[in-house]
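Below: the structure, in structure tokens.
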Amino acid sequence: MSDNETSRTAGEAGWHVSRYNLSAPVPDSSMVAIANLFKGTCAEYNPIELYLLSVIEELDENHPIIERFAKRGVIANFDERAALETMGRGSCMGSRGVGLTICPTMGCNFDCPYCFENHYPRKMTPEVQDDVVALAERMMDACGARSLSVTWFGGEPLLAPEIIESLSERLVALAKERDASYSASIITNGFLLTQEVADMLGRYEVSRCQVTIDGIGATHDATRHLAGGGPTFDRIVANLRDNKLPFEVCVRHNVHEGNRHEVDELKAFVEELARKSGNDLVYYPAPVTDSEAADDRGEQVGLLCDSHVSDIGVTQEAGRFHVGRGHYCGAHNIWSVGIDESGNLQKCWEAVDKPTYSFGTARDWDPKEPLASASRPDNLTRYLNTAGPVPDEECQECVWLPSCVGGCPHKRLYSTRQCVPFKNDPEAYVLALHARIGEDKDNEKADKSKREK
């Protein structure tokens, strides 16, 4: 340093401890794990590093620890909350990709007690299919889309495979015409997932499928039964075992009080099913939450208690740890819409069965004039306006904000704010992240080895 330069402390240079750090002592060691929710990092720190972090603003701004801490996000020299708010505003219009959740029918051959939908058997007409393709074209042109992503949903979408095939052919062609990438996934109960259907989905670039299994045998059949009554477990398992599936299958386990005892057994069952079939099957536990439709029917299953930390919820969230973001889901992005079988547009797939939540139609809505062409502009703006800055003072001050971004927009608007269930026990979450540090390193080594080969 020259005689003319004045030494500054890190604090004078603007450095401070991140407001989005969570920590937990590492068992049987002197180390502490710190997760930074803004940067999406988790690492161990020794006592000397912890001391330096505690006095960070008093250190010289050129202290070598500054760079390491800053890279991991545990210190910052900017307003992280303001950055999240900017990211939230940008998420509403900033994407160069179009996302469509398309329901070829809202009919369903199952009658699951916790389902959030009301079902009706109509199928998408050829005229509405024309409207969907025209809407996709308008949306792609309006945002200069580099990608088109489609999720097939319902109801049960495989009650209408002919519509999936017809629309897929046209949407794949549309993306190709605009030199944009195309990707697709499907959420299905798996009962109608025959080899013929799987081959068709594979031809039209469906790369991911979600199928729900609620337990082994009778446990599954107790909640995921046919609409007229009757078991479904054996048929679904046979489809996953006996057919060659050209896509990854996420086997979702809707965990509730009646089946939580089978988590480990079902996970092992799915892993063995994958091994025997050669199919790419991945087990995914998802705790059941409240459902207005199920409450209306009086058929709700026993929920996992949201007031207690759930090992399932902690493990699930740790498994999808990500960099902080300004949006929760596609409901915060104008280029992401749900389309029901009649062509009504919604901002959330939990609303696709409820036309009163629609903001317009595939025939009439023009994304170049999103409010002027919307039949119910409020149903569009109220979802977008739950993005950052999150309209809730408690959320704005919460350490979890980069991860939950205020929670599910639909539940915030029409039910209650949904916080992470382990909000008051952050150490459990940090230790779950810490347990993945070695796992992530092993995965990185494996990926590097594959690349070198």
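Between 234, 264, 199, 221, the distinction of being closer than 22 Å to residue 165 by Cα, part of a helix (DSSP H, G or I) and open to solvent by 10 Å² or more (accessible area, probe 1.4 Å) belongs to 199 only. For the condition over 16 Å from residue 87 (Cα atoms), modelled with pLDDT of 95 or more and in contact with a Cys (Cβ under 6 Å, 6 or more places away or on another chain), what is the one hit in 340, 366? Exactly one residue qualifies, and that residue is 340. Scan region 27-51 for residues that are in a loop (DSSP other than H, G, I, E, B), surrounded by 15 or more Cβ atoms within 10 Å (Cβ to Cβ) and more than 28 Å from the chain's Cα centre (by Cα) and the total you get is 1. For region 52-66, a tally of residues being of a type in the set (S, T, N, Q) and open to solvent by less than 60 Å² (accessible area, probe 1.4 Å) returns 0. For region 391-404, the set of residues classified as assigned to a helix (DSSP H, G or I) and buried (at least 19 other Cβ atoms within 10 Å of the Cβ) consists of 395, 401, 402, 403, 404, listed by residue number. The set of residues in region 142-162 that are over 24 Å from the mean Cα position of the chain (by Cα) and either without any contact (Cβ under 8 Å) to a residue 24 or more places away in the chain or open to solvent by less than 10 Å² (accessible area, probe 1.4 Å) (or both) comprises 160, 162. Condition check: open to solvent by less than 20 Å² (accessible area, probe 1.4 Å), within 23 Å of residue 318 (Cβ to Cβ) and not aliphatic (A, V, I, L, M). Does residue 239 satisfy that? Answer is no for this residue.
Could you grab me the full set of residues in region 49-97 that are closer than 30 Å to residue 182 by Cβ and of a type in the set (D, E, K, R)? Of everything in region 49-97, those that are closer than 30 Å to residue 182 by Cβ and of a type in the set (D, E, K, R) turn out to be 89, 96. Residue-level analysis places residue 388 among those that are under 19 Å from residue 336 (Cβ atoms), modelled with pLDDT under 90 and part of a loop (DSSP other than H, G, I, E, B). Per the conditions (1) open to solvent by 30 Å² or more (accessible area, probe 1.4 Å); (2) in contact with a Phe, Trp or Tyr (Cβ under 7 Å, 6 or more places away or on another chain); (3) touching a residue at least 40 places away in the same chain (Cβ under 8 Å), the sole criterion not satisfied by residue 8 is (2).
Working only within region 144-164, note down all residues that are more than 16 Å from residue 224 (Cα to Cα), in contact with a strand residue (DSSP E or B) (Cβ under 7 Å, 6 or more places away or on another chain) and in a loop (DSSP other than H, G, I, E, B). Of everything in region 144-164, those that are more than 16 Å from residue 224 (Cα to Cα), in contact with a strand residue (DSSP E or B) (Cβ under 7 Å, 6 or more places away or on another chain) and in a loop (DSSP other than H, G, I, E, B) turn out to be 145, 146, 153, 160.
Does residue 421 satisfy the condition of being in contact with a Gly (Cβ under 6 Å, 6 or more places away or on another chain) and modelled with pLDDT under 90? Judged against the criteria, residue 421 is a match. Exactly one residue out of 69, 78 is surrounded by 14 or more Cβ atoms within 10 Å (Cβ to Cβ) and either in contact with a helix residue (DSSP H, G or I) (Cβ under 9 Å, 6 or more places away or on another chain) or hydrophobic (A, V, I, L, M, F, W, C) (or both): that is 69.
For residue 108, the test of being crowded, with 19+ Cβ neighbours inside 10 Å and modelled with pLDDT of 95 or more is passed. When the residues of region 269-307 are filtered to those that are in a helix (DSSP H, G or I) and either modelled with pLDDT under 95 or among the β-branched types (Val, Ile, Thr) (or both), the one that is surrounded by the fewest Cβ atoms within 10 Å (Cβ to Cβ) is 296.
Screening 226, 266 for residues that are within 24 Å of the chain's Cα centre (by Cα), within 21 Å of residue 112 (Cβ to Cβ), at pLDDT 95 or above and not acidic (Asp, Glu) leaves exactly one candidate, 266. Restricting region 350-389 to residues that are within 26 Å of residue 155 (Cβ to Cβ) and basic (Lys, Arg), the residue that is least open to solvent (accessible area, probe 1.4 Å) is 354.
So in region 308-337, with the set limited to residues that are among the β-branched types (Val, Ile, Thr) and touching a Leu at 6+ places or on another chain (Cβ under 7 Å), which one is modelled with the highest pLDDT? Among those residues, the one meeting the criterion is 337.
Taken over region 171-182, the residue count meeting the criterion of being assigned to a helix (DSSP H, G or I), open to solvent by 50 Å² or more (accessible area, probe 1.4 Å) and either closer than 17 Å to residue 101 by Cβ or not basic (Lys, Arg) (or both) is 1.
The values are calculated or read from the model by the stated rules, or taken from the named source; none is laboratory data. Here the structure is a predicted model, which means the values were calculated and not measured. Ideal geometry is used to build each Cβ from the backbone, glycine not excepted, and the neighbour counts take in all protein chains shown. SASA here: full protein model, heavy atoms, side chains in, ligands and nucleic acids out. Shrake-Rupley method; radii C 1.70, N 1.55, O 1.52, S 1.80 Å.
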